[in-house]
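Asker: I have a structure here, written as structure tokens, and I will follow up with some questions on it.
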């Protein structure tokens, strides 16, 4: 099954996440199919997601994780 989830980047104690589409069997920072945005929780909580790509993947049946589902709602892509 393909999922929309977060991939952790950044240094120790300063996380930076990329929103990716990957097979659920892949490791957290391993292979992925497509990158659709990023989330920086530090500071102002910067969030940028490509709405067209996200809607396309969701229409194709990709299941977002709970965290990504909350981020998509925050970005105004889903209800």
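Asker: Compute the relative contact order of the chain as a whole-number percentage, counting only Cα pairs closer than 8 Å that sit 6 or more residues apart in sequence. Before the final figure, lay out the partial values.
Answerer: On the way: 127 pairs, mean separation 22.3, N = 79.
Answer for the chain is 28 percent.
Asker: Calculate the spin-label point distance for residue 60 paired with residue 2, positioning each point 7 Å from the Cα along the beta-carbon direction, and give it in nanometres.
Answerer: Placing both labels 7 Å along Cα→Cβ, they lie 0.3 nm apart.
Asker: Treat the count of other C-beta atoms within 10 Å as a stand-in for reagent exposure and order 24, 35 from fewest to most.
Answerer: On the way: 24 10, 35 14.
Ascending number of Cβ neighbours within 10 Å: 24, 35.
Asker: Over the chain, with a single point scatterer placed on each C-alpha, what log10 of the ratio I(q)/I(0) does the Debye formula yield at q = 0.25, 0.26 1/Å?
Answerer: Here the Debye-derived log intensity ratios amount to -1.27, -1.35.
Asker: Something else now. For region 34-79, what's the radius of gyration and Dmax over Cα atoms, in angstrom?
Answerer: In Å, with Rg to one decimal and Dmax whole: 10.5, 34.
Asker: Under 10 Å, Cα contacts only: if you run a Gaussian network model on the chain, which one of 53, 13, 69 comes out with the highest mean-square fluctuation?
Answerer: Of 53, 13, 69, the most mobile in the Gaussian network model is 13.
Read the figures in this text as sums done on the coordinates, not as results from a lab. Because the structure is a prediction, the values reported are computed rather than measured. Here Cβ is always computed from backbone atoms with ideal geometry, including for glycine, and neighbour counts include all displayed protein chains.
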